[in-house]
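S.K.: I have a structure here, written as structure tokens, and I will follow up with some questions on it.
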Amino acid sequence: MTTAVHRRYVAFSDAHYAGNLVDGAFALKLFGDVGTNLSIEIDGHESLFAGYSSVEFLAPVRGGDVVEAEATLVTKGNRSRTVEFELRVICRASDGAGRSRVLEPPLVAVRARGTAVVPAEKEHSS
């Protein structure tokens, strides 16, 4: 199984809602980045993302969190790639004074499944 993982601090400026919550699009952007990383590792090409077949928002992501986005190759067709994504909160701010705690186990915040497509050779050759 091939996997790519990115970690990121969630800035308080990314929070848009009460309780320092970030929007769901934040997770999808991270999935795009880690999915591109995975595609490059598998095919040597960024690929084109065709769409999500499922997205589940399971827990909040907040400003001050440290998150880990993971993309895992599930199936590989001729040009299509089915990828599963998971966003986990691995550290959470515990107060307004800069203290944080490591979450053991990490909190699974978002899961998704989608399809990436490698363009036909004639479309990306130079």
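S.K.: Among the residues that make up the stretch 57-69, is at least one of them within 26 Å of Asp23 (Cβ to Cβ), loosely packed, with under 15 Cβ neighbours inside 10 Å and either over 14 Å from the mean Cα position of the chain (by Cα) or not aromatic (Phe, Trp, Tyr) (or both)?
M.R.: yes
S.K.: Same structure, new question: Mind checking which residues of the stretch 1-42 are in a helix (DSSP H, G or I), under 22 Å from Pro119 (Cα atoms) and of a type outside the set (A, V, I, L, M)?
M.R.: Once the filter is applied, which keeps residues that are in a helix (DSSP H, G or I), under 22 Å from Pro119 (Cα atoms) and of a type outside the set (A, V, I, L, M), the stretch 1-42 yields Lys29, Phe31, Gly32, Asp33, Gly35, Thr36, Asn37, Ser39, Glu41.
S.K.: Only one of Leu73, Leu87 is over 23 Å from Ala18 (Cα atoms), surrounded by 15 or more Cβ atoms within 10 Å (Cβ to Cβ) and out of contact with any Gly (no Cβ under 8 Å at 6 or more places or on another chain). Can you tell me which?
M.R.: Leu73
S.K.: Please go through the stretch 101-126 and pick out each residue that is touching a residue at least 60 places away in the same chain (Cβ under 8 Å) and in a strand (DSSP E or B).
M.R.: Ala109, Val110, Ala112, Arg113, Gly114, Thr115, Ala116, Val117
S.K.: With the requirement that a residue be in a loop (DSSP other than H, G, I, E, B) and at pLDDT 95 or above, what does the stretch 64-73 give you? Show your work before the answer.
M.R.: Going through the stretch 64-73, the residues in a loop (DSSP other than H, G, I, E, B) turn out to be 64-65.
Hit for the stretch 64-73 is Asp65, nothing else.
S.K.: Could you please give the count of residues in the stretch 101-126 that are modelled with pLDDT under 95 and surrounded by 15 or more Cβ atoms within 10 Å (Cβ to Cβ)?
M.R.: So the answer is 1.
S.K.: Continuing with the same structure: Write out, first by first residue and then by second, each pair whose Cβ atoms fall under 7 Å of each other, whose residues are 6+ apart or on separate chains, and whose first residue, in the stretch 68-93, is free of Cβ contacts under 8 Å to residues at least 24 places away in the same chain while the second is of a type in the set (S, T, N, Q).
M.R.: Thr75/Thr82
S.K.: Select from the stretch 90-100 the residues that are at pLDDT below 95 and in a strand (DSSP E or B) and write down the one among them that is surrounded by the most Cβ atoms within 10 Å (Cβ to Cβ). Lay out the reasoning, then the answer.
M.R.: Initial filter on the stretch 90-100 (at pLDDT below 95): 93-100.
Pick out the ones that are also in a strand (DSSP E or B) and you get 93, 100.
Working: Ala93: 18, Ser100: 14.
Within the stretch 90-100, the match that is surrounded by the most Cβ atoms within 10 Å (Cβ to Cβ) is Ala93.
S.K.: Which ones in the stretch 26-58 are farther than 15 Å from Phe85 by Cα and not charged (D, E, K, R)?
M.R.: Ile40, Ile42, Gly44, His45, Ser47, Leu48, listed by residue number.
S.K.: Here is a list: Gly19, Gly51. Which entry is out of contact with any helix residue (DSSP H, G or I) (no Cβ under 9 Å at 6 or more places or on another chain), closer than 17 Å to Leu107 by Cβ and in contact (Cβ under 8 Å) with a residue 40 or more places away in the chain?
M.R.: After ruling out the rest, the residue left standing is Gly19.
S.K.: Evaluate the stretch 74-82: report whether one residue or more is in a strand (DSSP E or B), at pLDDT 95 or above and under 12 Å from Arg111 (Cα atoms).
M.R.: Checking the stretch 74-82: not a single residue is in a strand (DSSP E or B), at pLDDT 95 or above and under 12 Å from Arg111 (Cα atoms).
S.K.: So, in the stretch 35-56, of the ones that are β-branched (Val, Ile, Thr) and surrounded by fewer than 17 Cβ atoms within 10 Å (Cβ to Cβ), which residue ends up nearest to Ala18 (Cα to Cα)?
M.R.: Selected residue: Val55.
The values are calculated or read from the model by the stated rules, or taken from the named source; none is laboratory data. Keep in mind it's a predicted model, so treat the numbers as computed, not measured. When we count neighbours, we look across all protein chains shown, and the Cβ atoms used for this are built from the backbone with ideal geometry, even at glycine.
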